[in-house]
1. Restricting the search to segment 56-70, which residues are of a type in the set (A, V, I, L, M, F, W, C) and either in a strand (DSSP E or B) or within 15 Å of THR33 (Cα to Cα) (or both)?
2. Given GLY73, GLY87, which one is free of Cβ contacts under 8 Å to residues at least 24 places away in the same chain and either out of contact with any Leu (no Cβ under 8 Å at 6 or more places or on another chain) or not in a helix (DSSP H, G or I) (or both)?
3. So, of the residues in segment 66-84 that are of a type in the set (A, V, I, L, M) and open to solvent by 10 Å² or more (accessible area, probe 1.4 Å), which turns out to be nearest to GLY102 (Cα to Cα)?
4. Sort out which residues of segment 51-63 are out of contact with any strand residue (DSSP E or B) (no Cβ under 9 Å at 6 or more places or on another chain) and either at pLDDT 95 or above or closer than 14 Å to LEU90 by Cα (or both), and write them in order of number.
5. For segment 28-50, give me each residue that is open to solvent by 80 Å² or more (accessible area, probe 1.4 Å) and at pLDDT 95 or above.
6. Filter segment 95-111 for residues that are at pLDDT below 85 and among the hydrophobic types (A, V, I, L, M, F, W, C); which is surrounded by the fewest Cβ atoms within 10 Å (Cβ to Cβ)?
7. Would it be correct to say that VAL63 is within 9 Å of the chain's Cα centre (by Cα) and surrounded by 15 or more Cβ atoms within 10 Å (Cβ to Cβ)?
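The values are calculated or read from the model by the stated rules, or taken from the named source; none is laboratory data. On a predicted model such as this, the values are computed, not experimentally measured, just so you know. So basically every Cβ, Gly included, is an ideal-geometry build from the backbone, and we count neighbours across all protein chains shown. For the accessible areas, the whole protein counts, side chains as well, though only heavy atoms, and no ligand, DNA or RNA atoms are used. Shrake-Rupley method; radii C 1.70, N 1.55, O 1.52, S 1.80 Å.
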Amino acid sequence: MPGKSNSLAALMAGAALVLTPATAQAAQQDELTFNLPRQDLGDALRRVAAQAGIELYVSARDVEGRAAPPLAGKMTARKAVETLLRGTGLTARYDKGAVIIGGRAGEEAPV
């Protein structure tokens with residue numbers, strides 16, 4: 001599906017920032033103030049990643065049709081991502097200044 005591929009590319013490109021791994025890793029540990037309304041999960045994840053200066057990798061299929069709860073307060077980017085993913089069946093893995101969001105629980109990953 002060409003639209004899905006373009007959505008994934010746009011999602012990844014929109015959140016990818018050029019930072020050194022050390023700088024990006026430090027950004028994950030800094031507390032930031034978030035004030036996000038209830039919105040599309042993909043949009044919320046992109047906004048957190050952009051504000052924290054970290055790269056985000058997530059399949060558009062995994063976040064499609066999912067809403068994120070409001071996010072308000074001072075917290076690390078890791079805590080913000082975990083809060084947004086709570087109850088979705090999605091998981092986050094952190095690696096060298098990037099967050100990789102895993103597929104929906106109980107579903108096979110596309111080949």
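1. Passing the criteria: LEU56, ALA67, ALA68.
2. GLY87
3. Taking segment 66-84 as the starting set, the residues that turn out to be of a type in the set (A, V, I, L, M) are 67-68, 71-72, 75, 77, 80-81, 84.
Adding the requirement that they be open to solvent by 10 Å² or more (accessible area, probe 1.4 Å) leaves 67, 72, 75.
Values: ALA67: 17, ALA72: 24, MET75: 22 Å.
Here the answer is ALA67.
4. Within segment 51-63, the first condition is being out of contact with any strand residue (DSSP E or B) (no Cβ under 9 Å at 6 or more places or on another chain), and the residues that meet it are 53, 60-61.
Matches in segment 51-63: ALA60, ARG61.
5. THR33, ASN35, ARG38, ARG47
6. Step one: of segment 95-111, the residues at pLDDT below 85 are 103-111.
Then drop every residue that is not among the hydrophobic types (A, V, I, L, M, F, W, C), which leaves 105, 109, 111.
Working: ALA105: 9, ALA109: 10, VAL111: 3.
Out of the qualifying residues, it is VAL111.
7. Working: within 9 Å of the chain's Cα centre (by Cα): no; surrounded by 15 or more Cβ atoms within 10 Å (Cβ to Cβ): yes.
No, not satisfied.
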